[in-house]
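The values are calculated or read from the model by the stated rules, or taken from the named source; none is laboratory data. If you're wondering where the values come from, they're calculated on a predicted model, not measured in any experiment. Methodologically, a virtual Cβ is constructed for each residue, glycine included, from the backbone with ideal geometry; neighbour enumeration extends over all protein chains shown.
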Amino acid sequence: MSRNIPSGLLTAELQAEVVLNRAVRFCADRMYATPNRVLRRLQLGEPEPHSTLRYAVAKGIGEYLKDLGCGFRAVYLYGSAMNGDAGICSDIDLIVVVEHKLDQVSNLLQRLDLALVVSYRTLLRSARGPTALLDVHIVDVEQERRSDGYGAVLCSPETSPVCLWRSSPEASGAPVSQGPPSVSSVHG
């Protein structure tokens, strides 16, 4: 049961352990290994499983934000996860595009980060690890359009962020082009 919050954000919580377990399974599939083997390689600090895990976690965050709707427009990943050199203490570099910057969005992303850090340390059975797992930069659609601030990073060849999720034009309220009528509808 959700209650109305002034920002329009739902009171849903990300199940961090579910996202991380899915990410481990994603790694196992990608690396043709068992989940236990992936966990061992993660505990050893190997870059390949850490980069792949962070990619999968970022995808999970994108799915979560997509389901919330409420002004989320896109999620981009860049940095060590995309470069293949992530380690145990590496964060996940994200740019989240929103309709409007709101304190509630920042607070939500901070809660996600806290839940993920706790679950990440539990998963690796280690007190060693990052104090934050997410390094999120929030960009509003106007900054994205003007390539201002982190909006400029979105089109930077040095950073080359990858779009993991983008809302459809219908979801953002943009007019949808229907295109020309088909030949069959014109002639009968």
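Descriptive notes on the structure:
- The condition of being out of contact with any strand residue (DSSP E or B) (no Cβ under 7 Å at 6 or more places or on another chain) and either modelled with pLDDT of 95 or more or crowded, with 19+ Cβ neighbours inside 10 Å (or both) does not hold for Leu116.
- Residue tally, condition under 21 Å from Asp85 (Cα atoms) and of a type in the set (Asp, Glu), over the stretch 13-64: 3
- Summed over the stretch 45-72, residues that are modelled with pLDDT of 95 or more and more than 21 Å from Ala132 (Cβ to Cβ) total 2.
- Filtered residue count, the stretch 128-148, keeping only those that are touching a helix residue (DSSP H, G or I) at 6+ places or on another chain (Cβ under 6 Å), closer than 14 Å to Val98 by Cα and either in a helix (DSSP H, G or I) or modelled with pLDDT under 95 (or both): 2
- When residues of the stretch 49-93 are limited to those that are surrounded by fewer than 21 Cβ atoms within 10 Å (Cβ to Cβ) and basic (Lys, Arg), the one nearest to the chain's Cα centre (by Cα): Lys59
- Hits in the stretch 94-111 - residues which are surrounded by fewer than 22 Cβ atoms within 10 Å (Cβ to Cβ), aliphatic (A, V, I, L, M) and either touching a residue at least 60 places away in the same chain (Cβ under 8 Å) or over 14 Å from Val136 (Cβ atoms) (or both): Leu102
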